[in-house]
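Report on the following structure.
Taken together, the values in this text are just the output of simple stated rules run on the coordinates, not laboratory data. Since the structure is predicted, the reported quantities are computational estimates derived from the model, not experimental observations. Ideal geometry is used to build each Cβ from the backbone, glycine not excepted, and the neighbour counts take in all protein chains shown.
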Amino acid sequence: MALIRATCTDCGDVELRSRDIRVRTCRNTGESTYLFRCPVCRMTEVRPAESHVVDVLLAAGVEVTEWSLPAELSERHEGRSITHDDVLDFHALLETADWFEHLSSMVQS
């Protein structure tokens, strides 16, 4: 198992084994990060990783996880934005006995 040197924000340079580091790559953008838990202070560090860094980490046996952006980011949004007052009005509506019927009638209109 390879030893890898990384830098903790608080502790400085630390040595880790390849099993102590994870690479995460976004399928949509191709951007990657690597993360590790500092063996000294136990804080989790997350750093951006350029492709050459990812290649070195993968060659050292680091596990990679791929993830995708949420589908909601590509949805089309129409209408006005929800305001703080809208949230308060909704909260007040939920305190009424017929809140569900009221919401159903708003959607059917």
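Quick notes on this structure:
- For region 1-54, relative contact order (Cα pairs under 8 Å, six or more residues apart, normalised by length) works out to 26 percent.
- Net charge dipole size for the chain [Lys, Arg +1 and Asp, Glu -1 on Cβ; Debye, nearest 20]: 800
- The peptide list 38-46, 83-91, put in order of mean Cβ contacts within 10 Å with the highest first, becomes 38-46, 83-91.
- Taking the chain and dividing mean pair separation by its residue count, relative contact order in percent (alpha carbons under 8 Å, at least six apart): 22
- Highest average packing first - 9-21, 67-79, 93-105, Cβ atoms within 10 Å: 9-21, 93-105, 67-79
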